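Please treat every number below as a calculation from the coordinates, not as lab data. Treat the numbers as computed from the prediction; the structure is a model and nothing was measured. Glycine gets a Cβ as well: all are built from the backbone with ideal geometry, and neighbour counts include every protein chain shown.
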Amino acid sequence: MATTRPSPEQEAEAALTVPLPLVGEAELLEQAADALGRNGWWHGTQMLDSAQVAALIEELDALREADRLHRAGIGRELDFQIDSDIRRDRIVWLNRQRPVQSAFLDQMERLRLALNRRLFLGLFEFEGHFAHYPPGGFYKRHLDSFRGAANRLVSVVVYLNRDWQAGDSGELVLFSEDESETLAVIEPRAGSMALFLSEEIPHEVRPAHKDRSSIAGWFRLNASIDGQIDPPR
Ligand code: OGA
Ligand code: MN
């Protein structure tokens with residue numbers, strides 16, 4: 001009897017329908033929570049395996065082809081504005097309609113619970129988007145949240161760039177709270193992940209010499225007032 005083997009794409013899709021651990025999840029989450037608590041940031045070089053990175057890259061490519069990305073802005077709601085002197089990326093928010101995105105959101109959920117368990121942060125939910133920076137794209141130094149806004153508490157960035165070379169620029173640079181010190185210069189290599197405190201770590205994306213893709217996200221506190229859940233974004 002002839003058997004048809006699943007295509008690599010079908011296998012990748014099937015793999016994503018079962019819970020997918022981050023690479024070395026248990027120890028890494030421990031380390032990550034620890035470093036975040038102590039230093040305010042953490043960088044893991046290999047958090048997603050290459051099959052998942054490939055699936056996420058394919059997903060972002062499809063979304064770009066379907067013209068689903070839009071210019072990212074700064075500020076929220078009434079303060080929202082697009083300023084291409086500050087940032088030059090295009091984004092599309094993640095959702096649970098697609099298995100590839102859903103599997104990633106499940107991982108972020110486990111990361112959220114791990115951070116809460118170890119750091120007592122009370123993180124309430126995750127929001128995140130794919131981001132694509134064209135060649136020359138950058139994001140000037142900024143904070144993801146302002147102290148007291150009680151909103152975004154922990155920032156996470158996962159990179160989707162295979163074959164990234166040292167000279168490609170496009171690094172994420174993290175600074176100390178008073179901006180006097182550079183804490184880390186992080187190359188956006190496929191499968192790596194950066195975590196940092198949204199209210200305390202100023203950071204920037206250096207202009208990249210080629211296309212640069214990532215998922216940027218935030219763990220938020222529940223800023224509900226009078227029982228009304230603060231809507232994300
Ligand atoms: C952001 C951001 C960093 C990166 O989207 O707010 O700072 O390395 N991204 O893409
Ligand atoms: Mn940022």
Subject >> the range 58-162: trypsin sites (Lys or Arg not before Pro) falling in loop per DSSP and having at most 13 other Cβ within 10 Å >> reply: Arg76, Arg96, Arg147, Arg162
**OP:** Calculate, in nm to one decimal, what Ser84 and Arg141 gain on full extension: separation in residues at 0.36 nm each, minus their alpha carbon distance.
**Re:** 19.2 nm
Original post:
Once fully extended, how much extra length lies between Glu177 and Arg96, figured as 0.36 nm per residue of separation less the alpha-carbon to alpha-carbon distance?
Top reply: 25.7 nm
Original post:
To the nearest 0.05, what FRET efficiency results for Asp163 and Glu65 with a Förster distance of 22 Å applied to their C-beta separation?
Top reply: 0.60
**OP:** For Glu125 paired with Asp211, estimate the spin-label separation in nm (one decimal), with each label point 7 Å from Cα along the Cα-to-Cβ line.
**Re:** 3.2 nm
Subject >> Loop sites in the range 122-223: GluC sites (Glu not before Pro), DSSP, at most 12 other Cβ within 10 Å >> reply: Glu179, Glu181
Original post:
Measuring from centroid to centroid over Cα atoms, what is the spacing of the range 183-208 and the range 115-161 in Å?
Top reply: 10 Å
**OP:** Compute the Cα gyration tensor for the range 75-223, then decide on rounded, prolate or oblate, letting a ≥ b ≥ c be the square roots of its eigenvalues: rounded whenever a/c is under 1.5, prolate when a/b is larger than b/c in the other cases, and oblate in all that remain.
**Re:** rounded
